[in-house]
Amino acid sequence: FSLIPLVGTLTGSIVIALSQFLLADGTVALIAIIYYLIYMQIEAYVISPRIMNKAVSVPGSIVVIAALAGGSLLGILGALVAIPVAASIIIIVKEVTIPAQAER
């Protein structure tokens, strides 16, 4: 389920929690929900920013801010598109704006 960023983990955790509610008792489902909530926070705020920083050279803080802003403005689609848009803006600033200012 994690092939879709920011959505796959949530989908997987919902499927696992529902299956545990149906097949086991509520305690196991509650433990699974707590585990996945902790996992999603670590993935979203620690692991993903580091990977994006190395892959796209976007600082981790920009990744988190872009994903939050895109998600709040346009929902899931905005969160998925926000990081490449932020990377594009950084490249434009580095390649166009800064050299143009240096020529002056």
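Every read-out reported here was derived from the displayed coordinates using simple, explicitly stated rules and does not represent laboratory data. As the structure is a computational prediction, the values presented were derived from the model and not from experiment. All Cβ positions, glycine included, derive from the backbone under ideal geometry; neighbour counts span all protein chains shown.
Some notes on this structure:
- Option label - Rg and Dmax of the Cα atoms in Å computed here, alternatives (i) 13.9, 47; (ii) 18.3, 70; (iii) 19.0, 66: (ii)
- Farthest toward the positive end of the dipole of the chain, out of 77, 63, 18, is the Cα of 63, where the dipole comes from beta carbon charges about the Cα centre.
- Remark: the Cα gyration tensor places segment 49-99 in the oblate category, a/c being 1.5 or greater and a/b not exceeding b/c.
- Put a plus charge on the Cβ of each Lys and Arg, a minus charge on the Cβ of each Asp and Glu, and nothing anywhere else: the dipole of the chain about its Cα centre is then about 240 debye.
- Mean separation of Cα contacts under 8 Å (6+ apart) over length of segment 8-103, as relative contact order %: 15
- The phi-based Karplus calculation (6.51 cos²θ - 1.76 cosθ + 1.60; θ = phi - 60°) puts the 3J(HN,Hα) values of segment 90-104 at 5, 5, 4, 5, 5, 8, 10, 5, 5, x, 5, 6, 5, 6, 6 Hz, whole numbers, x for Gly and Pro.
- Alpha carbon centroid spacing (whole Å) that separates segment 10-40 from segment 58-90: 28
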